Amino acid sequence: MRTTGTTRAQAVWPQLRVADWTETRETLHMWTQIVGKVRLAHAPLLNHWWQVALYVSPRGLTTSAVPYGTGVFDIEFDFVDQALRLRASDGGDRRIALESMPVADFHSQVLRALRDLGVPTAIQDHPNEVEPAVPFPVDYEHQTYDPLAARLFWRQLLQANRVLGEFRGRFAGKASPVHFFWGAMDLACTRFSGRRAPRHPGGSPNCGDWVMWEGYSHELSSCGFWPGGGEEGAFYSYAYPEPDGFAESPVAPSEAFYSGENGQFLLPYEAVRTADDPDRALTRFLDSTYVAAAERARWDRASLETDPERWADR
């Protein structure tokens, strides 16, 4: 039986209706693409494009350390003080206020701040995985920024990142970090079977098919969170290639369902937020959808899975 009122566990999972921050979300999406492309311009290629992603930080989203010359720099969206912070290992520091402004202005300010830091950077000047792909230097349409909405979104990511990190810890095989992909604006964590996958068909808007060939070069089970698919966003889980019977597999909790339109299982964020135990509800979804993929595709689960408490008594 559901208890009345809001539990302490529920209180840390913030409420943010997708429809209430559409304009801010679209602006922030373009801003994260610009910062992500800066990392892409300097970081060495990693498998599946892992070098381009951002990471949840104690204050927002960060590139982490990016190499440049014999030093490093980083860029962080600070949703606590509402500033974009750019820092270099030689002591250089620049700050851009996060406030309503056109994407074109944000783009020029970021590149100027990098030049001032001694990190001149040229990036691809248009976004990926969106339609239409308005070039950043002429995008004056996306300019709304609500700092409260951005902070609430970051707090959603904080909780999702925490539970996804625990889920990742139970896998001994190849697995991605928990990271934020700015193309689709989602937080993701991916497990791999170790086997090659058939070439991905591509088809993502304004994104070369070869990008998907690299991203999906090996058989995988991926999960994450994105601000869509539900009234307050949704957790997702899919397999590539999708094994026979995957869509019909039993998963938990009861609010989870397979979306034929999206080709993945979805669990509305609000179903997690309002659960008696949000962490457990999300973990059940992650575990059951992974098992559906691994069992249907006959992964070597005995070799790939591990006990995260294996050294707890030492």
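The values are calculated or read from the model by the stated rules, or taken from the named source; none is laboratory data. Since this is a predicted model, take the numbers as computed values, not measurements. Cβ placement follows ideal geometry from the backbone for every residue including glycine, while neighbour counts extend to all protein chains displayed.
Quick check, is Leu187 in the same structural domain as Thr27 (by TED's automatic domain parsing), aliphatic (A, V, I, L, M) and touching a Gly at 6+ places or on another chain (Cβ under 7 Å)?
Answer is no for this residue.
Condition check ((1) at pLDDT 95 or above; (2) buried (at least 20 other Cβ atoms within 10 Å of the Cβ); (3) under 19 Å from Arg284 (Cα atoms); (4) not small (Gly, Ala, Ser)) across all residues:
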position	(1), (2), (3), (4)
Pro137	yes, no, no, yes
Glu141	yes, no, no, yes
Asp146	yes, no, no, yes
Phe153	yes, yes, no, yes
Gln156	yes, yes, yes, yes
Leu164	yes, yes, yes, yes
Gly169	yes, no, yes, no
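Which one of these does Gln124 not meet: (1) surrounded by fewer than 16 Cβ atoms within 10 Å (Cβ to Cβ); (2) out of contact with any helix residue (DSSP H, G or I) (no Cβ under 7 Å at 6 or more places or on another chain)?
Only one criterion in (1) surrounded by fewer than 16 Cβ atoms within 10 Å (Cβ to Cβ); (2) out of contact with any helix residue (DSSP H, G or I) (no Cβ under 7 Å at 6 or more places or on another chain) is unmet by Gln124, namely (2).
Considering only the range 194-205, state which residues are touching a residue at least 60 places away in the same chain (Cβ under 8 Å) and either under 24 Å from Leu61 (Cα atoms) or in contact with a helix residue (DSSP H, G or I) (Cβ under 7 Å, 6 or more places away or on another chain) (or both).
Ser204
Please go through (1) touching a strand residue (DSSP E or B) at 6+ places or on another chain (Cβ under 9 Å); (2) under 21 Å from Gln51 (Cα atoms) for Asn206 and return the number of the only condition it doesn't satisfy.
(1)
Just to be sure before I move on: is Ala292 under 22 Å from Lys174 (Cα atoms), in contact with a helix residue (DSSP H, G or I) (Cβ under 8 Å, 6 or more places away or on another chain), surrounded by 14 or more Cβ atoms within 10 Å (Cβ to Cβ) and not aromatic (Phe, Trp, Tyr) in the structure I sent?
Against the criterion (under 22 Å from Lys174 (Cα atoms), in contact with a helix residue (DSSP H, G or I) (Cβ under 8 Å, 6 or more places away or on another chain), surrounded by 14 or more Cβ atoms within 10 Å (Cβ to Cβ) and not aromatic (Phe, Trp, Tyr)), Ala292 qualifies.
Is there any pair with a first residue in the range 229-258 that is of a type in the set (S, T, N, Q) and a second that is assigned to a loop (DSSP other than H, G, I, E, B) whose Cβ atoms are under 6 Å apart and which are 6 or more apart or on different chains, and what are they?
Qualifying pairs under 6 Å: none.
For the range 198-216, enumerate the residues that are more than 19 Å from the chain's Cα centre (by Cα) and buried (at least 16 other Cβ atoms within 10 Å of the Cβ).
Across the range 198-216, the qualifying residue is only His200.
Residues in the range 11-19: is at least one farther than 24 Å from Phe235 by Cα and not assigned by TED's automatic domain parsing to the domain that holds Ala160?
No, because not a single residue in the range 11-19 is farther than 24 Å from Phe235 by Cα and not assigned by TED's automatic domain parsing to the domain that holds Ala160.
Okay, residues lined up against (1) within 20 Å of Ala150 (Cα to Cα); (2) surrounded by fewer than 21 Cβ atoms within 10 Å (Cβ to Cβ):
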position: Gln15; (1), (2): yes, yes
position: Thr27; (1), (2): yes, no
position: Asn47; (1), (2): no, yes
position: Arg59; (1), (2): yes, yes
position: Asp78; (1), (2): yes, yes
position: Ala88; (1), (2): no, yes
position: Gly92; (1), (2): no, yes
position: Pro102; (1), (2): yes, yes
